[in-house]
Amino acid sequence: MDRRLFLALAASLAVAACSGGDAAKSDGAAGKGGAQIAGAGATFPAPLYAKWAEAQRAETRLTLNYQPIGSGGGIKQIKARTVAFGASDKPLKPEELTEAGLAQFPTVIGGVVPIVNLPGLAAGQVRLTGPVLADIYLGKVKKWNEPALAALNPGVALPNLPITVVHRSDGSGTTFLFTSYLAGVAPQWSSVGASDAIAWPTGQGGKGNDGVAAYVKQTPGAIGYVEYAYAKQNGMAHALLQNAAGTFVAPTAETFAAAAAGADWSKAPGFYLLLLNQQGANAWPITGATFILMHKAQADAATGRTVLTFFDWAYNKGDAAANELAYVPLPADLKARVRASWAQIKGPDGQPVYAAR
């Protein structure tokens, strides 16, 4: 799926913000016209949700209207009950979930990658460490051939180009993962902080992962960060990144899986778990799950049932699409744990809205 096709799919999935009563219209997945649900949030998983929606609509007539507006927007919309579900790469902590009356569960795992536009250099030819990446985003390293970069890349003909820093302009779970990683590995980043929206020290903003990718692609000397599927779809050159073991690794489904291998979800209340800078020789250091947010108390049982039908189908039949786009499907035991957690999502009668098959 190239960028134009993705944008076309995204446009077909996007809807204007709807009222709470229109968050879903369900007359049964196999009924005339099928069920319809509305969600909004993270652009990180949007290419995959588009694939899942396309396949499920053909099979069951269930239609997903998804607005890829960023994790911050998704959190706001689900709290306001204007959509049936929110999507975020920034998981909410258990106390935040309790306060908002929300349930949270992961769908897939992916990686955030630094992408570069360096004429004459291909993907994987430039090495970065977390501290040097932080200095670039702090505006301290301003040109590609400066000593800090040359020392990491002996024998590489780094261009004498100014570095154009590109970051997200919207509230973003991708930004949360990226800045949380920098905060964990680079003490100098403490003055900036880690969140889904920050006051950037320098650089230009792009809206969504696709906006950052487009800005970097058209700007020689630029660097940005995106979910890997966007780098892959757009043919963007990525940098290698040094991990906790000291190894320079490439972003792949295998290195994302290596980062997730040691995750203990049984000790993660509300599925709050970060996968940043994990141990392991092959672990990609900026790995994260992406999450769905739903109200525990559903105003309409059919709405909640239809949302969970969509994601149950994705767990059962969506792994191939995830693999195709270099996301990592959840392991079977985690899927079972998530399905069990759906019992807390109840209708007006106090009964669970969905019994997972």
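The values are calculated or read from the model by the stated rules, or taken from the named source; none is laboratory data. Model, not experiment: these values are computed from the prediction. Cβ sites come from the backbone with ideal geometry, for glycine too, and all protein chains shown count toward neighbours.
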**Study point:** Filtered residue count, segment 198-216, keeping only those that are assigned to a loop (DSSP other than H, G, I, E, B) and either within 25 Å of Q188 (Cβ to Cβ) or at pLDDT 95 or above (or both)
**Key:** 6
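A42 - would you say it is within 28 Å of I198 (Cα to Cα) and touching an Asp or Glu at 6+ places or on another chain (Cβ under 8 Å)? Write out each step before concluding.
Values: within 28 Å of I198 (Cα to Cα): yes; touching an Asp or Glu at 6+ places or on another chain (Cβ under 8 Å): yes.
Yes: the conditions hold for A42.
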Practice item. Could you figure out which of (1) in contact with a helix residue (DSSP H, G or I) (Cβ under 7 Å, 6 or more places away or on another chain); (2) within 30 Å of A157 (Cβ to Cβ) isn't true of Q125? Key: (1)
Review point. Of all residues in segment 101-126, which are within 20 Å of G203 (Cα to Cα) and touching an Asp or Glu at 6+ places or on another chain (Cβ under 8 Å)?
Key: V112, V113
Review point. Any residue in segment 64-79 that is among the small types (G, A, S) and touching a Pro at 6+ places or on another chain (Cβ under 8 Å)?
Key: no
Check your understanding: Taking into account only those residues within segment 217-250 that are in a helix (DSSP H, G or I) and not hydrophobic (A, V, I, L, M, F, W, C), which is farthest from S71 (Cα to Cα)?
Key -> K217
Check your understanding: What do you reckon, is A301 more than 21 Å from the chain's Cα centre (by Cα), over 21 Å from Q36 (Cα atoms) and hydrophobic (A, V, I, L, M, F, W, C)?
Key -> no
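Restricting attention to segment 68-91, which residues are among the polar types (S, T, N, Q) and either in the same structural domain as D196 (by TED's automatic domain parsing) or within 23 Å of T287 (Cα to Cα) (or both)?
Initial filter on segment 68-91 (among the polar types (S, T, N, Q)): 71, 77, 82, 88.
If the condition is that a residue be among the polar types (S, T, N, Q) and either in the same structural domain as D196 (by TED's automatic domain parsing) or within 23 Å of T287 (Cα to Cα) (or both), then S71, S88 are the ones that fit.
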